[in-house]
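Asks: So that we are looking at the same thing, I have put the structure below in structure tokens.
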Amino acid sequence: MPAISESEAADRLARGVETARPSDLPEIYSELFPDRPPTASPVASEIASHIRSGLEAEELVDLWNVVFPEDRHVWYDEEERAIHFNEKMVGYAD
């Protein structure tokens with residue numbers, strides 16, 4: 001049951017952006033700045049710096065799905081102040 005702190009999540013996302021394919025950067029940029037049109041070629045280091053400067057937990061979760069599309073069930077636990085991912089979903093009883 002992977003769970004990481006907000007700061008660990010921000011660092012992992014920033015490292016993911018720094019190693020992302022250039023063709024993925026416009027989508028990442030658009031997730032962070034939905035009201036701004038993406039620049040011709042967003043710069044990975046600038047996006048990573050923005051991520052490290054402090055995003056809200058909900059923004060981290062939303063961005064996680066863009067940077068790491070293979071991860072599933074990404075959510076934020078307010079009590080633990082941790083981001084969880086790749087957990088098996090427990091069924092609900094009727």
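The values are calculated or read from the model by the stated rules, or taken from the named source; none is laboratory data. Source: prediction; values computed, not measured. Methodologically, a virtual Cβ is constructed for each residue, glycine included, from the backbone with ideal geometry; neighbour enumeration extends over all protein chains shown. The protein model used for the area step is the full one, side chains on, heavy atoms only, and it has no ligands, DNA or RNA in it. Shrake-Rupley method; radii C 1.70, N 1.55, O 1.52, S 1.80 Å.
Asks: Could you please tell me which pairs satisfy a Cβ distance under 8 Å, a separation of 6+ or placement on different chains, a first residue in region 1-27 that is under 21 Å from R81 (Cα atoms), and a second residue that is open to solvent by less than 60 Å² (accessible area, probe 1.4 Å) and of a type in the set (K, R)?
Replies: As it stands, the answer is none, since no pair meets every condition given.
Asks: Here's a follow-up. Among (1) on the phi < 0 side of the Ramachandran plot; (2) in contact with a strand residue (DSSP E or B) (Cβ under 9 Å, 6 or more places away or on another chain), there is one condition I28 misses while meeting the rest; what is its number?
Replies: Going through (1) on the phi < 0 side of the Ramachandran plot; (2) in contact with a strand residue (DSSP E or B) (Cβ under 9 Å, 6 or more places away or on another chain) one by one, I28 breaks only (2).
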